[in-house]
1. Is it the case that region A:192-201 has a residue that's within 13 Å of chain B (Cβ to nearest Cβ) and within 26 Å of B:SER262 (Cβ to Cβ)?
2. Among the residues of region B:92-124, which ones are crowded, with 19+ Cβ neighbours inside 10 Å and not in a helix (DSSP H, G or I)?
3. Tally up the residues in region B:11-53 that are of a type in the set (A, V, I, L, M) and touching a residue at least 12 places away in the same chain (Cβ under 8 Å), please.
4. Name the residues in region B:251-273 that are crowded, with 17+ Cβ neighbours inside 10 Å, assigned to a helix (DSSP H, G or I), of a type outside the set (Ser, Thr, Tyr) and more than 9 Å from every other protein chain (Cβ to nearest Cβ), would you?
5. Taking the stated definitions as given, is A:GLY191 more than 25 Å from B:VAL25 (Cβ to Cβ) and at pLDDT below 90?
6. Hey, could you check region B:131-151 for residues that are without any contact (Cβ under 8 Å) to a residue 24 or more places away in the chain and either buried (at least 23 other Cβ atoms within 10 Å of the Cβ) or part of a loop (DSSP other than H, G, I, E, B) (or both) and say which is nearest to the other protein chains (Cβ to nearest Cβ)?
7. Would you mind stating whether A:ALA303 is without any contact (Cβ under 8 Å) to a residue 60 or more places away in the chain and more than 9 Å from chain B (Cβ to nearest Cβ)?
8. Here is a check on your reading of the model: is A:TYR228 assigned to a helix (DSSP H, G or I), surrounded by 22 or more Cβ atoms within 10 Å (Cβ to Cβ), more than 24 Å from the chain's Cα centre (by Cα) and not hydrophobic (A, V, I, L, M, F, W, C)?
Amino acid sequence: MIFLIFAFVGREALPVILGKTNSARAQKPIAAADIPQLSADQLAQYIGVNETELKSYDADTVRTLVELKAEELQQNVNPDAGINAASWGMMFRPHQWFGYDKAEYIWQPVSEIPKYNLVPLILGSLKATLVALLVSVPLGVGAAIYVSQLAHPKWREVIKPAIELLSGIPSVVLGFFALIVLATVLQVLCGYHSRLNVFVAGVALGLAVIPIVFTISEDALTSVPRSYAQAALALGASRWQVAWQIVLPAAIPGVFAACVLGFGRAIGETMIVLMASGNATIVSASIFDSCRTMTATIAAELAEVVFGGDHYRILFLIGALLFVVTFIANLVGELVVHRLKARLEGRG
Amino acid sequence: MLLQRKQRDWQSLFFTGATGLATAVIVAMVVIIVGNIAWNGAAQVSLRFIFGGTEEGMFDAHRAGIFPMIFGTVALVLLMTIGVVPVGVITAIYLTEYAREDRAITRVIRGAINNLAGVPSIVFGLFGLGFFVQFVGGGIDKALYDGALHFGKPTILWAAATMAVLTMPVVIVATEEALKAVPKGLREASLALGATKLKTIWRIVLPQALPGVLTGGILAVSRGAGEVAPIMFTGAAYYLAHLPTNLTDQFMELGYHIFVLSTQSPDIERTKPILFGTVLVLVALTFLLNLLAIVVRAKMRARLRLAHG
């Protein structure tokens, strides 16, 4: 199944990956004298009609249409019209577009000259994910240490289900909460300019990631054999020292795996960032600016693109990129957890 | 010595406090979110709200209802269950009963299933569009309807199929757990009496594992009811005047409705009550389903403990 998914997402993106697409809008004007040398479908495409229509025209009409088209092409010349924005170079390197003062990363898929630079989207995804991890890792790991090592067993039975409840909340609900409630509260507290931004989206995203980080770290911490802790306690260490100096180092790969899996979840999350990040494709280092992530771009734009067009293929390319990134993150996470389990159970 | 001890106590207290605080913050956030939704939503939810339609205005809190979305969600998860449970159970049976753990192919299948659970939901949406809608649907149209558009467009069928792929790991993992919990003695007794392996699985092992399969199904439904990204391009509609009547219709859905209302509303203050109401219904639905799954699983475990004596 997973191979099927990759195959079909990849299939749609293949022409872009191979650099076969050309989004260039410029057409060379064709002189009327060259008409006989062109094939019927080339001619039809040039004038902008289909072949059956073309057949119904007589030679004079075709000649007039060709001349009109040549005039039209000469009138609106944009110096950028000849650029293939769907090539690898244009997708990742800045370019100075006509009318801009300097080379910039721009994602503008539906303008006259489409600009498909993926850098703003990738940056947006990374920024939101970073904020999410900054929120969720300290909280999740802290809570995991507390619950597994320090808390009274009676409390443990209450706290664990409460945190796991968080993973049962649909992401669209978290997105809604971020949009309606959290955004207003955080704006009042921090006093920044735009209401929806990376920070709000990141905090909400953090809420979605906390259960993953918590569950996996807690699992790793609990699977450290009791004898380690008992030995340390017998030597006179405090419960905290045992947790910090004995149990946590033994379980540290598990905590690392929790972060990696949390990263995979955060970068792939769609609804929260779509609703709470503001969706402007700004390239900046500030987390209080609005941003547009890769997932949100797919969700917001796929419904309106031409099937099989360049824009459509590039959205699939973004999907394929996401797939590869999360695949690697999951693989690394799973491997680390597996190794750790094997070692702690004395098999490795 | 005494000083050292004192320092250690302070440290201990400080860090215990810090981790405890982290826990408290998370729990507090859960309480705030759930409380906020319950408090604001309860004001809106009424019988009229749940059973009313959207004919009289989708954004007006006093007249809008959400019945079409509830209907759509239920239809979607039912169709999804029909797809996901048989395939998931068969895969789980293969993995526990037939596959040999030491074979590379088994490890690859297991890895693939684990990874399937981590694929972003939006990628499932792309997959649904590329595979089900365009490839399968388009293929059916070409073969049966001579190119006329019946299946080659977003429909509830393809949305359910996409969702079935998304929830597959949940069902497989839950079923596997249940199958592994069936005592080995039962299998051996059945085989010793001359039953074939297939018969043993069908008549002895599966009935024993039924609660596990059920748990998996319920968890899949709860997951499916909450996901929005995969159905955005494969079947969910912004607004429809009628309920879907056959498999090739589009449909309205609770989660997608929340997204639509909160981002497209012309007057967010007036729409807010509907939003809170819809969110409350969706959250209540998923929580109840999760709770049900937990209860079923607890019962199953208790029974197994008895059986194992």
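The values are calculated or read from the model by the stated rules, or taken from the named source; none is laboratory data. Just so it is clear, the structure is predicted and the values come from calculations on it, not from any experiment. Cβ placement follows ideal geometry from the backbone for every residue including glycine, while neighbour counts extend to all protein chains displayed.
1. Yes, because at least one residue in region A:192-201 is within 13 Å of chain B (Cβ to nearest Cβ) and within 26 Å of B:SER262 (Cβ to Cβ).
2. Across region B:92-124, the qualifying residues are B:GLY118, B:VAL119, B:PRO120.
3. Adding up the residues that qualify gives 7.
4. Once the filter is applied, which keeps residues that are crowded, with 17+ Cβ neighbours inside 10 Å, assigned to a helix (DSSP H, G or I), of a type outside the set (Ser, Thr, Tyr) and more than 9 Å from every other protein chain (Cβ to nearest Cβ), region B:251-273 yields B:HIS257, B:VAL260, B:PRO273.
5. Criteria not met by A:GLY191.
6. B:PHE131
7. No; evaluated as a whole, the condition is false for this residue.
8. no
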